[in-house]
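*Asks:* One structure follows; several queries about it will come next.
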Amino acid sequence: MAVDQQTRFGAKGSEYVLTEDQIRDFHENGYIILDDVLTEEELAPIEAIYDVFMNGGVPDMGRDFCDMSGPYTRAFEDYQIVNAVLPRVYRPELVGNIYEQRAESISRQLLGDTATLDYDQFLAKRPKKGGAQFAWHQDLGYWPSTPQFDTLTATVSLALDDANDENGCLQVVPGSHTEPRLRPHRPMIRAGAGNEREESHTLAAQVADGDLVVSVPVKRGSVSVHNERILHGSPGNGSERWRRTYIVAYRHKDLVDYERSIGFTHSHNDKINWTTHLESLDGHGPHTALGESCLPRDGRLHSEEMVAAATSRQPLGIGVLLVFSRVRSCCVLALAGWFLVGGTARCASAVDFVKDVKPILEQNCLSCHAGEDADSGYDLSTKKAVFDSEYNEPMVVAGDPGASSLYTTMAADADSDELMPPADAGGPLDKKSIETIRAWIAAGARWPESETLRPRAKPRDRSYTPDNRELLEQIHAKIVEQSKRDASAKIAEYEEKIPRTGVVFEMKAIPGGEFSMGSPPTESSRHDNEGPQAKVTIRPFWMGAREVTWDEYEPFMVTTVERRKNGARKDYDPQRHTMVDAVSAPTAPYMEMSFGMGQSGYPAISMTQHAANKYCQWLSAQTGRFYRLPTEAEWEYACRAGSRSAYSFGDDPAKLSEYGWFYDNSGERYHKVGAKKPNAWGLYDMHGNVMEWTADQYLPDYFERVNKSAADPFMRPRTLYPRAVRGGGWDDDPENLRSAFRKGSDPIWKQQDPQLPKSIWYHTDAQWLGFRVVRPQRIPSVDEMEDAVADTTQADSSRRGFLKTAGALSVLAAAPRNAFAQHGSDNTIRVALVGCGGRGTGAAADALYVTAAPLKLVAMADVFDHRLSTSLDALTQEFAGQPDKVDVPTERRFVGFDAYRDALDQLRPGDVAIFATPLAFRGPHFQYAIDRGLHVFMEKPLTADGPTSLRMLELAKQASEKNLKCGVGLMVRHCRGRQELHQRIADGEIGDIISMRGYRMHGPVVTCFSTRKPEGRPELMWQVERFHSFLWASGGLFSDFNIHQIDELSWMKNAWPVKAVGIGGRHYRNDYIDQNFDTYSVEYTYPDGATMFFGTRIMPGCKNDMSSVAHGSKGSAVVSASGHSPGRVKTFSGQRQNRREITWAYPQPEQNPYRLEWEDLVAAIINDTPYNEVPRGVEASVVTSMGRMAAHTGQEITFDQMLHCPVEFAPGVAEFTPNGPAPVMPDGEGRYPTPMPGVLREEEYATASV
């Protein structure tokens, strides 16, 4: 039982004691979440009764047992939201149960001692029911008007299943209950639709621009409590799980007694009328109840009367009034797309056929439904064919969407056979398009006679984002509204709680004033870009007391939704998602971004300025307060805190250790924020720990410009590089931590990112870079908000910057002329790319940047058309100034499992093929390249099982016999620093290696964790797309993620391990159904008895590490410090690896190993020297596989056992087709077979083929 033993808050006997904060939050926000109200033991008897209702086992309930999302006539098996109203009436044993007792206790603390149970109900959203939605509404709008009573209500909702966004949890607009009037509501029924729902309940209100919509996830056994006036709703259930809820609502006793006296019981079987609390749609006066004698004919407003009234714009018969026939306390008015306003019908926003409807049909339907050969005879190309077909029933009945198959097939469930377009042709359409078709038909389906439709391609808008000017306007409106609620605009320190996370951060008040910006000429270690000093005036603002931590930043950075490269949600739906959801957020990182240095309490690092700006926007959208990055002037002003010295504490760097972390005291890593002394204004870590982003463009002549505008200067960014950073970091010397020190961003900060285009979100190599937020006292205009994030959405696709900053690359000998004799006078090496994902695209770019010989990309292949197109776009943009580098016209772009053959057929013997597909396809691809006489570059790993390893070794021999050059993407072997370290170890610098350690521990990245396959997606294509989740496609996360470090450590040892033992398991997996473990611990043993321990943990919220270390008899070595590149390799005289023991370190910065591996491969091609990395690549793959298999089976696995293991994960891969069977299939629950150590001892999962 969740009880605070000190304060006695929480569940206690029949009570649940609230804190003062919870009571205040209920009244201020309109809702609260209370955890652990019931235990599992207490839930069990309630759940048993609940399930009887949900299974239709309680007879004679009439309309009190129904589908809340549809008409009463809907068959039980078709229910989407199963609703049982007043269950305690039908099963009296529910009366007084422990939940009612605790709910009453909660309600009386919120309402007072007169709180009485008003009604109860069971609600359950069935799995995979997208239509199980509750429209936005306010409960009070459904109930009789009782102005003489206090209507305050506590609606307590108990979660019998974990409720979240996936299964359609409650969503609310906090604070909306304080508005003086209820929002305008409209009936959700449609006239003439065939399902007018005069026996259905639903009203709908609008979410206004600027409303903050908040999801209310509740775990099983916990409750939410909401106010009767709060605007709330919930989306459909897209998950495989139920969402079951038990609701009890409490109101004041005198009000409940009055409602019972007029016959209002909340039963759907009641048959009375009343006046409601709702105000008329134009905001004037209450809706008055009408007796049945006032209604036309049988008490219903008939469609022909409504259409006639709408067409003539005359009042509907009785005019003004929203009628409530007591059927579910519900409205029965339906108006075919027209609303009553002051008793007159007025057209809602009109749908234009040419502008709105025609594009939907042409882009989604006409490819199959046009002309004489239209599928099933349904021709949508002409008005006559649609409205008056001579072969079929009309597809459109004007004014009646429900009778129009064009609409009903579009609106069908995603798994329905009637869905159009079908799932394999792009269906279902987005909600906006479906609603446009419905509204067009409802308004009369006007189709100009002159309009004939023809099929058109759907535009490919990869850059679409709801994160635009309109979103800024919405956020601005919320900020303005929040300012009215804030007690004071006075500058004083405060704490801010981030609504979606509950994380609290502290903001310090920075007084306005004037200061001398920059450093004087006499300051020690001064740089020219720090002056001449300027007198600058700064307005008051607030600044974060500490750098933004991972606790604050990670919920923004790490999300479970799929995103476009620009960060926009792929599933964005303005009807379902909030303004917070609309803010662009980072795509999944390629690597773990804390680099093993720590997370909780530590500063977030390695983000671009764009990412930091978007975090500020995300934060502003949640809090209603405007946050942004500081300007350079604000940052220095706050850092100085009134001082004029080199540091905020004086000029003596000997005191620096008291105030900051830097090279001499950091231990080469960042530290928890706020661990050192603050400056005079209470700001921590302004000197060191991590360097901090500012909002400005970095300009060398900054001070000349400032002298022309010395009040709150801001240099609006105009180019992607450089942007201004301040403060120095843990890897800097003391002079770089001075208050005036300035620096500009550099493309080399993205060296470790191997993809193209390079991410706009991460500076993978700036592991000493973070930020803090500021909030100006004055609310900015929308234009000023836009300026604050100026130009930050520009994609960073360029690698050209590396040529200028990464240092000189390998100098290669000129190519002998006879090396290209077979190509005649054309010495260009042609390149074909097979596998066009981010890494394949990056590999192609690395190849094209080689300077020792001309290379040109001439052909591309992938199984996904969109991936090929995206890759080609990126490469074309990358080499826009060198058009001879990328020449891939339409006829040389190939899609499908056999597309690699077509792509390689475009090459001549001696050209190069790049293979970056899932590893199972390496064998057939490599064989075809050898047959064609092509050099190859293949991504790692090469294999995942024994049979394919043996075949690849045989193919490697064939390649060598034909003098083909073969590169494998184990780029750490081409790192010049590691090459020197390898030689030093071989020369005995650290003695004999005794043991080695490798770690890769971080949260989920790329596609290693997968949820259930979406309906309609071919199984094999889904697995190819999510290849990290399946052993056949990647070797799983252990092989794909760890092969670099296992390879580099074995290289240092100059040997491969002979055996491995390991353990692993799956934890906290929720709905993930892939084949991976979360944790692996493997011990490898080498021929001389030396060992290597390798640990992998892929879990969020844990300590991170990504390093490799070797321990010798005379010392030790760092093989990789915090990622693949830069390696930051060094040797030590001892084993503790502190600074005092360093004997050698490779100088920084390092060259990019992804580039170097291509320089080395091309050098071998043009100089015709032996070059075949495939045998080593296979051996490295076998070693990773033996460790993986040891953990998966619980057995000791030797190298020979792994190499000769007969289990083949993907037999027949060369015959795969898009709609064919996959190598591994899910069970009935959509889960894939996983390893069972000790149970399956000779194979890694039950369905592997032998």
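*Asks:* Please tell me if Thr719 is in the same structural domain as His476 (by TED's automatic domain parsing) and buried (at least 17 other Cβ atoms within 10 Å of the Cβ).
*Replies:* no
*Asks:* Oh, and also: What pairs come out if I take residues in the range 520-541 that are assigned by TED's automatic domain parsing to the domain that holds Gly650 and without any contact (Cβ under 8 Å) to a residue 40 or more places away in the chain and pair them with residues that are among the basic types (Lys, Arg) and in a loop (DSSP other than H, G, I, E, B) whose C-beta lies under 8 Å away, six or more apart or interchain?
*Replies:* Filtered contacts from the range 520-541: Pro520/Arg526.
*Asks:* Any idea which residue in the range 735-752 is modelled with the highest pLDDT, counting only those that are farther than 19 Å from Asp528 by Cβ and either among the hydrophobic types (A, V, I, L, M, F, W, C) or in contact with a Gly (Cβ under 8 Å, 6 or more places away or on another chain) (or both)?
*Replies:* Result: Trp749.
*Asks:* Scan Ser995, Ser1010 and give me the residue that is buried (at least 19 other Cβ atoms within 10 Å of the Cβ), within 40 Å of the chain's Cα centre (by Cα) and either of a type outside the set (Val, Ile, Thr) or outside the structural domain of Ser1113 (by TED's automatic domain parsing) (or both).
*Replies:* Ser1010
*Asks:* crowded, with 24+ Cβ neighbours inside 10 Å, in a loop (DSSP other than H, G, I, E, B) and touching a residue at least 60 places away in the same chain (Cβ under 8 Å): does that describe Tyr670? Steps first, answer last, please.
*Replies:* Values: crowded, with 24+ Cβ neighbours inside 10 Å: yes; in a loop (DSSP other than H, G, I, E, B): yes; touching a residue at least 60 places away in the same chain (Cβ under 8 Å): yes.
Answer is yes for this residue.
*Asks:* Let me ask you something else. Being part of a helix (DSSP H, G or I) and at positive phi is the filter here; which residues of the range 30-59 pass it?
*Replies:* Within the range 30-59, the first condition is being part of a helix (DSSP H, G or I), and the residues that meet it are 40-54.
Selection gives nothing.
Residue-by-condition table, conditions (1) within 17 Å of Ile230 (Cβ to Cβ); (2) over 27 Å from the mean Cα position of the chain (by Cα):
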{"site": "Leu111", "(1), (2)": "yes, yes"}
{"site": "Thr116", "(1), (2)": "no, yes"}
{"site": "Asp165", "(1), (2)": "no, no"}
{"site": "Gln171", "(1), (2)": "yes, no"}
{"site": "Leu182", "(1), (2)": "yes, yes"}
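*Asks:* How many of the residues in the range 60-95 are in a loop (DSSP other than H, G, I, E, B), out of contact with any helix residue (DSSP H, G or I) (no Cβ under 9 Å at 6 or more places or on another chain) and over 18 Å from Pro127 (Cα atoms)? If you could, list the steps in order and put the result at the bottom.
*Replies:* We begin by selecting, within the range 60-95, every residue in a loop (DSSP other than H, G, I, E, B); these are 60-61, 68-75, 79-80, 86, 91, 95.
Cutting the leftovers down to out of contact with any helix residue (DSSP H, G or I) (no Cβ under 9 Å at 6 or more places or on another chain) gives us 68-69, 71, 73-75, 79-80.
Narrowing the set further to residues that are over 18 Å from Pro127 (Cα atoms) leaves 71, 73.
The total comes to 2.
*Asks:* Does Val725 fit the bill of being within 20 Å of Lys508 (Cβ to Cβ), of a type in the set (Val, Ile, Thr), outside the structural domain of Leu1156 (by TED's automatic domain parsing) and out of contact with any His (no Cβ under 9 Å at 6 or more places or on another chain)?
*Replies:* no
*Asks:* Which members of the range 1062-1099 meet the condition of being in a loop (DSSP other than H, G, I, E, B), farther than 12 Å from Phe1038 by Cβ and either acidic (Asp, Glu) or not assigned by TED's automatic domain parsing to the domain that holds Ile1046 (or both)? So that I can check it myself, show each step before the final result.
*Replies:* Narrowing the range 1062-1099 to residues in a loop (DSSP other than H, G, I, E, B): 1066-1078, 1086-1090, 1099.
Narrowing the set further to residues that are farther than 12 Å from Phe1038 by Cβ leaves 1066-1074, 1086-1090, 1099.
Of everything in the range 1062-1099, those that are in a loop (DSSP other than H, G, I, E, B), farther than 12 Å from Phe1038 by Cβ and either acidic (Asp, Glu) or not assigned by TED's automatic domain parsing to the domain that holds Ile1046 (or both) turn out to be Asp1071, Asp1074, Asp1088.
*Asks:* To continue, here is another question. Of the conditions (1) within 23 Å of Gly502 (Cβ to Cβ); (2) at pLDDT below 95; (3) surrounded by 21 or more Cβ atoms within 10 Å (Cβ to Cβ), Gly601 fails just one. Which one is it?
*Replies:* (3)
*Asks:* A follow-up question, please. Could you check the range 647-669 and list, in sequence order, the residues that are closer than 25 Å to Ser516 by Cβ and of a type outside the set (Ser, Thr, Tyr)?
*Replies:* Here is the first cut: in the range 647-669, the residues closer than 25 Å to Ser516 by Cβ are 647-656, 658-660, 662.
Result: Phe649, Gly650, Asp651, Asp652, Pro653, Ala654, Lys655, Leu656, Glu658, Gly660, Phe662.
*Asks:* Given the criterion out of contact with any Lys or Arg (no Cβ under 9 Å at 6 or more places or on another chain), of a type in the set (Asp, Glu), within 19 Å of Pro359 (Cβ to Cβ) and not assigned by TED's automatic domain parsing to the domain that holds Arg126, identify the matching residue among Asp430, Asp388, Asp417.
*Replies:* Criteria check complete, one pass: Asp430.
*Asks:* Just to be sure, is Arg186 of a type outside the set (S, T, N, Q), outside any loop (DSSP other than H, G, I, E, B) and at pLDDT below 85? Steps first, answer last, please.
*Replies:* Working: of a type outside the set (S, T, N, Q): yes; outside any loop (DSSP other than H, G, I, E, B): yes; at pLDDT below 85: yes.
Spelling it out, Arg186 is indeed of a type outside the set (S, T, N, Q), outside any loop (DSSP other than H, G, I, E, B) and at pLDDT below 85.
*Asks:* Right, next: Examine the range 69-91 for a residue that is surrounded by fewer than 19 Cβ atoms within 10 Å (Cβ to Cβ), farther than 25 Å from Ala48 by Cβ, among the small types (Gly, Ala, Ser) and at pLDDT 90 or above, and state whether such a residue exists.
*Replies:* no
*Asks:* Which residues, counting only those in the range 561-574, are touching a residue at least 24 places away in the same chain (Cβ under 8 Å) and out of contact with any Pro (no Cβ under 9 Å at 6 or more places or on another chain)?
*Replies:* If the condition is that a residue be touching a residue at least 24 places away in the same chain (Cβ under 8 Å) and out of contact with any Pro (no Cβ under 9 Å at 6 or more places or on another chain), then Arg564, Asn566 are the ones that fit.
*Asks:* OK, next. Of the residues that make up the range 1213-1226, is at least one within 21 Å of Ala1033 (Cβ to Cβ), modelled with pLDDT under 95, among the aliphatic types (A, V, I, L, M) and assigned to a helix (DSSP H, G or I)?
*Replies:* Scanning the range 1213-1226 turns up at least one residue that is within 21 Å of Ala1033 (Cβ to Cβ), modelled with pLDDT under 95, among the aliphatic types (A, V, I, L, M) and assigned to a helix (DSSP H, G or I).
*Asks:* As an exercise: evaluate Asn613 against (1) more than 18 Å from the chain's Cα centre (by Cα); (2) crowded, with 20+ Cβ neighbours inside 10 Å; (3) not aliphatic (A, V, I, L, M) and give the number of the one condition it does not meet.
*Replies:* Against the list (1) more than 18 Å from the chain's Cα centre (by Cα); (2) crowded, with 20+ Cβ neighbours inside 10 Å; (3) not aliphatic (A, V, I, L, M), Asn613 comes up short only on (1).
Let's see how each residue does on (1) in a helix (DSSP H, G or I); (2) out of contact with any strand residue (DSSP E or B) (no Cβ under 9 Å at 6 or more places or on another chain); (3) of a type outside the set (D, E, K, R):
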position	(1), (2), (3)
Asp931	yes, yes, no
Leu950	yes, yes, yes
Leu953	yes, yes, yes
Gly967	no, no, yes
Gln979	yes, yes, yes
Arg1000	no, no, no
Thr1011	no, yes, yes
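The values are calculated or read from the model by the stated rules, or taken from the named source; none is laboratory data. If you're wondering where the values come from, they're calculated on a predicted model, not measured in any experiment. So basically every Cβ, Gly included, is an ideal-geometry build from the backbone, and we count neighbours across all protein chains shown.
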